[in-house]
Structures are given as structure tokens and as C-alpha cells.
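The values are calculated or read from the model by the stated rules, or taken from the named source; none is laboratory data. Note that the coordinates shown come from a computational prediction; the quantities given were computed from them, not determined experimentally. Cβ placement follows ideal geometry from the backbone for every residue including glycine, while neighbour counts extend to all protein chains displayed.
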Amino acid sequence: MEYEGQICRSPMERASFMLPVSVGCAYNQCYFCTLFKHLRYRELPLEQVEAELARVCRAGGNPKTVFLGDGSAFQLSAQRLLDILALVHRYFPGCTAVNMDATVQSVLEKNDAELEALARAGVRHLYLGIETGLDDVLSLMNKGHTTAQAYEAIGRLQRAGMIYDAHMMTGVAGRGRGEENARAMALFYNRTGPGRVVNFSLFVERRAPLWHLVESGRFVPADELENLREERLLLSQLTVPVEYDGFHDVIPFRVRGVLPRDRSKMLRSLDAAIEARQGQEPMIAVV
């Protein structure tokens, strides 16, 4: 497979066949993100997409799940996505699900008939970068949507027959606001019912626009102990069934499982990590 840039997808898509349909991120303005800043966003020609499908088909490939890349494949027009989906099913007759990253904006840009057509054509999981349940933090991070717009987008895609999954980041609200953000996120998830939640605890890159907010004092990063406490509070308050995977690369620490089935085990793991951090020098994820 030829792939330009960094491969970025949920760990829950590790068994999916990754099919590039675009390069970069159409939005590419989130202050914390540097994944796609060096890339010029563009759609890949359908001929190139089909050539990749044909190559895998000739090699005997017939994956059940396909993940469309790059940063937000759902940004493509509904017709473009339908054309790609038709090719996927032509070359992979065993495919039962096509998943991809999306933004709140890319969902709202499509009408209900288009969303329903995409669901009928095989789109199953859409991963939305919700990040936080606090509007002022969404604004500070330049996410390009409000909480109300996120509720609207999720409701529409769910009514169309697709499954919504969430990306979030503990620590994104900054120092002293972990508990507030955990409660806001629990409320949001309990109302919207994501199938999956992937939490990449915030780390600040000096190359990211967010670093300028740190230097100016407009944003003070939380340390990893506060991030762990935020995550514990979130998991203790989630009441909807959800598959969860949380990362703290700088510690390193990871907690994953299915709620509510694995809640006790996950909370014990977090309690042990919190106890291990007690009394240690505060660790802030800046790279």
C-alpha cells in the first residue's frame, strides 16, 4: 500500500484493511494537533483507489472491515463516498462494514437522505473528535464545533443507521479542570451512547499551535496525576454500554475494557496508577 503521511486510526480498527481515499485533514485547524500540518489536503483519484482495491483482490484479500483514511474521510461528498463504497463492495464482496473518521462539521454538511444512503451502502462506525464536553474548551482548542452541534450531528447519524464512536483527551481542559471535564464528558456520553470511546490523554507538542497558548499563559497543562483522576471519574460515571480504550503514553499507562462489565477491574487499574503517582514529581506531557 502506498500511503502519504502518518497512518492514524483507532486501535479498535487494527484488524481493518486501511484504504487511503484522501491525504491529510480537510479541517486541520485543531490547536493541539500536528499530525497533518505538513500535508496539503487533497482527494485521491478514484482510479488510484480502485487500483489499490484490485491489487488486494488479486492477492486474495477479501476483508470484512475496511477503514477509509486519511484524517477525516467523511469530509468527502456523499456521492464521492458512495462511489468508493461501490468499488469496495465490488472487489471485497465479503465486506460488511466500512468505517472512518469524521468531524461534526462533515456530518452536518450532509442531508438526512445522504446519511441514510451512506448507511445503506455499508458505512457503520464514524469516529468523531469530540475531545471535551465544555464549550469554552472546544473554542480554545479551535475544534470548529459546539457541544450543541455535536449533539445534532450524532443524533442525525444515529437516526440514519450509523454508529457513533468518540475520540477524547483527558487533560484537554487544562490544570484544575479535570473533574469538571470528566463530569461534562460523562453527561455527554450518557446522552449520546457511543459504541466506542478512545482516549488519548493530551500531550502538548512544541510544534503545535497550542504551545503558543501555553507560552502566553492562556493554557496551563494538567499533570498526569490529574489526568488519571479525571479518567477515573469519567469511567465511574458512565452508565451506557461502551468499549473503552485509554492511553497515557508519557507514563506509560493504558486502561481498556467494556463498560459496565469491566468497570471494577478498570477502576482498580486506575487506582493503582494514581497511587503510584502520588508524591512523585508532577509529570506534564510536553514533547
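Summary of computed values
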| quantity | calculated |
| --- | --- |
| Qualifying residue in segment 178-185 (condition: modelled with pLDDT of 95 or more, surrounded by fewer than 19 Cβ atoms within 10 Å (Cβ to Cβ) and basic (Lys, Arg)) | yes |
| Top-ranked residue in segment 255-275 [being out of contact with any Leu (no Cβ under 8 Å at 6 or more places or on another chain) and surrounded by 15 or more Cβ atoms within 10 Å (Cβ to Cβ); ranked as farthest from Ala166 (Cα to Cα)] | Ser269 |
| All positions within segment 100-130 that are in contact (Cβ under 8 Å) with a residue 40 or more places away in the chain and in a helix (DSSP H, G or I) | Val104, Gln105, Ser106, Val107, Leu108, Asp112, Leu115, Glu116, Leu118, Ala119, Arg120 |
| Test for Glu52: is it without any contact (Cβ under 8 Å) to a residue 60 or more places away in the chain, farther than 19 Å from Pro194 by Cβ and surrounded by fewer than 17 Cβ atoms within 10 Å (Cβ to Cβ) | no |
| Count - residues of segment 96-116 that are buried (at least 18 other Cβ atoms within 10 Å of the Cβ) and of a type in the set (A, V, I, L, M, F, W, C) | 6 |
| In segment 195-217, the residues that are of a type in the set (Val, Ile, Thr), at pLDDT 90 or above and surrounded by fewer than 20 Cβ atoms within 10 Å (Cβ to Cβ) | Val214 |
| Subset of segment 248-278 (residues that are in a strand (DSSP E or B) and not basic (Lys, Arg)) | His248, Phe253, Val255, Gly257, Val258, Leu259 |
| Residue in segment 163-172 that is under 30 Å from Leu87 (Cβ atoms), of a type outside the set (A, V, I, L, M) and surrounded by fewer than 21 Cβ atoms within 10 Å (Cβ to Cβ) present | yes |
